[in-house]
Amino acid sequence: MAGQSPRGRAHGRTRRRYRGHPVAAHQGLVPRHRDARRQLIIEWTINHVTFISGGVQASIEVPRPRLGPYVVASQHAMYYFLLSFVVLASSAR
């Protein structure tokens with residue numbers, strides 16, 4: 001068959017780098033699971049450790065964006081303001 005060596009084994013590496021079930025590692029599920037755990041731990045730490053973010057009840061006050069004299073004040077205007085950045089980012093290749 002194409003892609004096999006004369007001894008019948010598939011070409012390439014035979015051992016996987018990931019622990020766990022070989023099919024899950026082959027499909028990339030193990031690294032995704034590990035990355036999701038890491039993200040959850042980092043987010044929890046940032047949100048709950050007081051000297052980093054002020055704790056769970058803390059909030060960050062950010063002034064409304066302004067374009068020259070125009071201040072983006074309503075939710076409707078904020079949607080279109082952010083949509084313009086999405087359009088710019090998706091059109092830039």
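Within the range 52-70, which residues are closer than 20 Å to residue 84 by Cα, surrounded by 10 or more Cβ atoms within 10 Å (Cβ to Cβ) and of a type outside the set (Ser, Thr, Tyr)? Residues satisfying the conditions are 64, 65, 66.
Selection of first residues in the range 61-85 that are among the aromatic types (Phe, Trp, Tyr) and of second residues that are assigned to a loop (DSSP other than H, G, I, E, B), restricted to Cβ pairs under 9 Å at least 6 apart or on distinct chains, gives the following pairs, ordered by first then second residue: 80/72; 81/65; 81/72. When 73, 77 are screened for being at pLDDT 85 or above, in a loop (DSSP other than H, G, I, E, B) and either surrounded by 10 or more Cβ atoms within 10 Å (Cβ to Cβ) or aliphatic (A, V, I, L, M) (or both), only 73 passes.
The values are calculated or read from the model by the stated rules, or taken from the named source; none is laboratory data. These figures come from a predicted structure and were not determined experimentally. As a convention, Cβ positions derive from the backbone with ideal geometry for all residues, glycine included, and neighbour counts pool all protein chains shown.
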